[in-house]
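Please treat every number below as a calculation from the coordinates, not as lab data. Only a predicted model underlies this, so the values are computations on that prediction, with no experimental measurement involved. Cβ atoms come from the backbone with ideal geometry, glycine included; neighbour counts cover every protein chain shown.
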Amino acid sequence: MVSTTVSPPLTSATPRAAFAVLILAVLAIGGAWFSQLVLGLKPCELCLLQRWPYYIGLPLAFIAALLSHGNEHRSILTALLLVLALIFVGSAGLGIYHAGVEWKFWAGPSACTGGYVAPASTDDFLKSLDGPAPVRCDQAAMRVLGVSLAGWNALVSLLIAAIAWHGARRR
């Protein structure tokens, strides 16, 4: 007698989680690009670093959304959602770090927090005058409801991570 096991179908939470992660990630990185290109807010070194989890996570979220309709790729979908949860927990960590730098809870990178490095020569000093001033990481470019954009990134990243985790657990 041949026994075959049939996997139960995916719960509706799993496809919704995959699509929610994709949509929220697109909106978040789209908001970052909108603030830069339309509103004219120049990103600092830490702002640019916070975009990397989205650049890595978006293709994975897209694949997860594509795989969320069938039942044959459940283990891949679960793994993708777990990886996405980890990526966005890391993204939240970057956002918390940057917000802490803005609130002066801890020091940030010296390249963008105003740490002065004396030029080695007069020529180096004159060249530094020609270049643009670095965008400071320790000053929030904008606050919405009292929260900086780095703080909002931390909150949105935590939400995305929670949705991905919930979707992976509900399969």
Tell me, in nm to one decimal, what length is gained between residue 39 and residue 23 on full extension, where the rule is 0.36 nm per residue of separation less the Cα-Cα distance?
-> 3.6 nm
Could you put 42, 104 in order, starting from the residue whose Cβ has the fewest other Cβ atoms within 10 Å?
-> 104, 42
How far apart, in nm, are the 7 Å Cα→Cβ label points at residue 166 and residue 49?
-> 3.0
Estimate the FRET efficiency between residue 144 and residue 110 by the formula 1/(1 + (r/R0)^6), using the beta-carbon distance for r and 30 Å for R0, to the nearest 0.05.
-> 0.60
